[in-house]
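The values are calculated or read from the model by the stated rules, or taken from the named source; none is laboratory data. The structure presented is a predicted model; accordingly, all values stated were derived computationally and were not measured. With ideal geometry, Cβ positions are generated from the backbone for all residues, glycine too; neighbour counts draw on all protein chains shown. For the accessible areas, the whole protein counts, side chains as well, though only heavy atoms, and no ligand, DNA or RNA atoms are used. Shrake-Rupley method; radii C 1.70, N 1.55, O 1.52, S 1.80 Å.
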Amino acid sequence: MLKQLQTFKAVYETRNFSHAAEQLFISQPTVSTQIKQLEADLQTTLFTRNGRQEILPTANGTLLYRQAQKMLEQWDATKLAMQADTKSARPLCRIGASHTTASVVLPTLLRHLAPLSSQFNFQITWANSAVILTQMTQHKLDFGLIEKPLVTDHLDRLAFGQDELVLAGDFRSPLWLIREPNSGVRHYTDAYLKANNITPAETMIIHSNQIIADLLAQGVGQSIISEHVLAPTVPTKALPDNYHRQFYLLTKTSPTPQLQPVQNLIVAQLQHWR
């Protein structure tokens, strides 16, 4: 039953049997079989198909998802408690940051969190803002730092600080260094190119602000990028106010009680971030 619930949760969150199979490292037929068995055991239909690929949860599917989340989280907590030495076990605290916030916000924040490392087991990851949001909704992260105004159910969003995007690099270069689709900076880059009727002759898509910043520092290409990550020697041009953007902290609407001290410290530090 536990494996069936884990499979059901992956299908519910991805809305796709193939994607769920990839996420769980099992075959698609195995996913289908486990879902059919779960439906037979519960004597209900959990998903309906909407076209060839997309599936939608039924009302009972949504109800089961809510309960399955609680059961799986409780099971994970039980396993952790049984496997760990109770005297040395520290609650896991998972923080995810977008590429810009990882460079600009995270170092100072982690400096303030460092004194709590004897009480909590911190895990830090980074990805683009959309991925951070998805990982928060899938309960793979406890806190998320992003630079896009994304929001979804069961998550709260706190705005803090402000970032200024600039045009940077060799302004005569035909090569544009561009972030991947769905990143926060890519949205602004596309808007800038469209507004200025620019079709880059050459592009290089790079999944890292730091790599773009390093290339710009070496005189390679031009890009729209946060001024905070640039070396002082890189030429920049200011952009209009609509290229100024907010940073956001994502937290669970119902926070984990054990992590409340961490959340209190994070919120206190970010509210004074400049």
- Item | Nearby lysines by direct alpha-carbon distance to LYS237 (threshold 18 angstrom, same-chain neighbours under 8 apart not counted) | LYS194
- Note on the structure: With Cα coordinates, the longest principal axis of the chain makes an angle with the long axis of helix 2-14, in degrees rounded to 10, of 40 degrees
- Message: Please report the antiparallel percentage of DSSP beta bridges with both residues in the chain, rounded to the nearest 5.
- Response: 65 percent
- Query: Tell me, how many Å apart are the Cα centres for the stretch 1-53 and for the stretch 109-155?
  - Reply: 27 Å
- Item | Degrees between helix 184-195 axis and first principal axis of the chain (Cα, 0 to 90, nearest 10) | 50 degrees
- Note on the structure: Spelling it out for PHE122: with amide H atoms placed in the peptide plane at 1.01 Å from N, the residues 5 or more places away or on another chain with amide H under 5 Å from its amide H are CYS93
- Query: Helix 28-42 versus the longest principal axis of the chain: what angle, 0 to 90°, nearest 10, using Cα atoms?
  - Reply: 50 degrees
- How big, in percent, is the set of alpha carbon pairs in the stretch 154-274 lying more than 27 Å apart? 30 percent
- Item | Nonlocal amide H pairs with LEU167, under 5 Å, H built at 1.01 Å | LYS237, LEU239
- Message: Stokes-Einstein diffusion coefficient for the stretch 1-63 at 10 °C in a medium of 1.306 mPa s, Rh from the Kirkwood formula over Cα pairs: what value in µm²/s?
- Response: 139 µm²/s
- Note on the structure: For TYR12, the accessible surface traced by a 1.4 Å probe with all protein chains present amounts, in square angstrom to the nearest 10, to 30 Å²
- Task: Write down, largest first, the equivalent ellipsoid semi-axes of the chain in whole Å, where each equals the square root of 5 times an eigenvalue of the alpha-carbon gyration tensor.
- Result: 39, 26, 15
- Per residue, how many Å² of accessible area does the stretch 1-82 show with a 1.4 Å probe? 64 Å²
- Message: How many angstrom lie between the Cα centre of the stretch 61-77 and the Cα centre of the stretch 213-274?
- Response: 34 Å
- Message: From the helices alone, meaning DSSP H stretches of at least four residues, give me the mean residue ellipticity at 222 nm for the chain, per-run term -39500 (n - 2.57), in deg cm²/dmol to the nearest 500.
- Response: -13000 deg cm²/dmol
- Taking H as built 1.01 Å from N, whose amide H comes closer than 5 Å to the amide H of PHE47, not counting residues under 5 places away? THR58
- Sorted by mean Cβ packing within 10 Å, highest first, what order do the peptides 236-242, 177-183 take? 177-183, 236-242
- Message: Sort GLU13, GLU22 by heavy-atom solvent-accessible area, probe 1.4 angstrom, most to least.
- Response: GLU22, GLU13
